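J.: My questions will all concern the structure given below.
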Amino acid sequence: MLRAEFKDLIVSASDHELYQMLKSILSSQFLGLSYSQWKLESLAEECYQRGKDSLYTSAMEDAAYLADKFKIGYSSLFVDEIFRPELMSPEETREILANTSGKSDSIESLIGIAPDQLFICKVTGESMIEENIHNGDVLIVDRTEKAADGRVIVAELDKVLFVKRLRIIDGDRWLYSGNPNFSPVKIEKDMDLNVIGVVKMTLHSVN
C-alpha cells in the first residue's frame, strides 16, 4: 500500500480501528517480527493529531501483554485478545460481541456499566473450566470495582494477563484456578500483581 493511500485509510478510521492497527504493528515489533516503521509513525502521528495520546498508550500496553503471552505460551487461562470499549462506538461494540459470542445487545443493556469503565477480553486456556469460563470465551470486566476476596479477576503478573479467583487468607493473597490440575498461587511480597478488574459477565464462544 502506498503511503498516501495508507494516510487516507487511517484518517478515515475510527478510534477503535486506529487502535487495532496500532496494536497489530506494535505486537509484531515486540515479538521481533517484521513491521513497517513508517506505518507505525503515521499511526502515531494520527493519534497526536486527534489529541488521543491515550489511544497509543493503550495499544502499546495491550500489544506488550499479548506479545508476552506468545513468548511464554499458555497452559493456564490467559487473555488472548483485548478490546477497549472506551475507544469503540456502540455499533463497533455490538459487532465485537456478535462476532465473538453471538450477542448483539449493547454493552450497557448487558451489564449496566458505562463502556469507559469496562475492559473486554477473549481468553485462551482451560484453568477456569469449573468457573464456567472456557477456551474462547469473552469476559466483560469492571475496571472500577475493588477486587475483594472471592471475586474472579483479570490481573497482570510477570507481564502476562490471566484470569483467576482472588482469595485473601490470613492476610495473604492467593490466586485460585477453577481446575484441580492447577495449584493455587500465593502472591509473595516481591511479586507485582496488578489487578485490571473484576469479571462481571462471561459470554461463551459461538464456535
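J.: Please list, in chain and number order, the residues 5+ apart from R173 or on another chain whose amide H is under 5 Å from its amide H, with Hs placed from the backbone.
T.: I187
J.: Okay, moving on. Tell me the mean residue ellipticity at 222 nm calculated for the chain from its helices only (DSSP H runs of n ≥ 4, each -39500 (n - 2.57), averaged over every residue, nearest 500).
T.: Values: 6 runs with 77 residues, N = 207.
Value at 222 nm, helices only, nearest 500: -12000 deg cm²/dmol.
J.: Would you order S42, S12 from fewest to most other beta-carbon atoms within 10 Å of each residue's own beta-carbon? Write down the numbers at each step before the final one.
T.: Working: S42 18, S12 8.
If I rank by nearby Cβ atoms, fewest first, I get S12, S42.
J.: Here is a follow-up. Could you give the dipole magnitude of the chain about its Cα centre, charging the beta-carbon of Lys and Arg +1 and that of Asp and Glu -1, in debye to the nearest 20? Could you put the intermediate results ahead of the total?
T.: Numbers: 23 positive and 34 negative charges, 59 e Å.
Charge dipole, the chain, about its Cα centre: 280 debye, nearest 20.
J.: Taking the number of other C-beta atoms within 10 Å as the exposure measure, put M201, M191, M21 in order starting with the fewest. Numbers along the way, then the final one.
T.: Values: M201 17, M191 11, M21 20.
Going from least to most buried by this count: M191, M201, M21.
J.: What is the order of V123, V160, fewest Cβ neighbours within 10 Å to most?
T.: On the way: V123 27, V160 17.
So the residues, fewest neighbours to most, are V160, V123.
J.: Find which of G51, S28, A63 sits farthest along the positive direction of the dipole of the range 1-72, computed with +1 on the beta-carbon of Lys and Arg, -1 on that of Asp and Glu, about the Cα centre.
T.: The residue sitting farthest along the positive end of the dipole is S28.
J.: With N residues in the chain, what two-decimal value do you get for its Cα radius of gyration over 2.2 N^0.38 Å?
T.: The reported ratio for this selection is 1.07.
J.: Which residue fluctuates most in the GNM of the chain (Cα springs below 10 Å): G32, G171, G197?
T.: G171
J.: Separate question: What is the chain's relative contact order, in percent, from Cα pairs under 8 angstrom and six or more apart in sequence? All intermediate terms of the calculation are to be shown ahead of the outcome.
T.: On the way: 366 pairs, mean separation 37.1, N = 207.
Relative contact order, the chain: 18 percent.
J.: I'd like the Karplus ³J(HN,Hα) series for the range 79-89: coefficients 6.51, -1.76, 1.60, θ = phi - 60°, whole numbers in Hz, and an x wherever there's a Gly or Pro.
T.: For the range 79-89, the Karplus-derived couplings read 6, 9, 8, 10, 10, 10, x, 5, 9, 10, 6 Hz, x marking Gly and Pro.
J.: I need to check one value: relative contact order of the range 1-72, counting alpha carbon pairs closer than 8 Å and at least 6 residues apart, in percent.
T.: Details: 50 pairs, mean separation 29.0, N = 72.
Worked out over the range 1-72, it gives 40 percent.
J.: Shifting gears a bit: Magnitude of the Cβ-charge dipole of the range 1-72, K/R +1 and D/E -1, about the Cα centre, nearest 20 debye? Working shown, then result.
T.: On the way: 8 positive and 11 negative charges, 39 e Å.
Using only the charged Cβ atoms, the result is roughly 180 debye.
Read-outs throughout are calculated quantities, based only on the coordinates presented, and are distinct from any laboratory measurement. In this text, all values refer to a predicted model and were calculated from it rather than measured experimentally. Here Cβ is always computed from backbone atoms with ideal geometry, including for glycine, and neighbour counts include all displayed protein chains.
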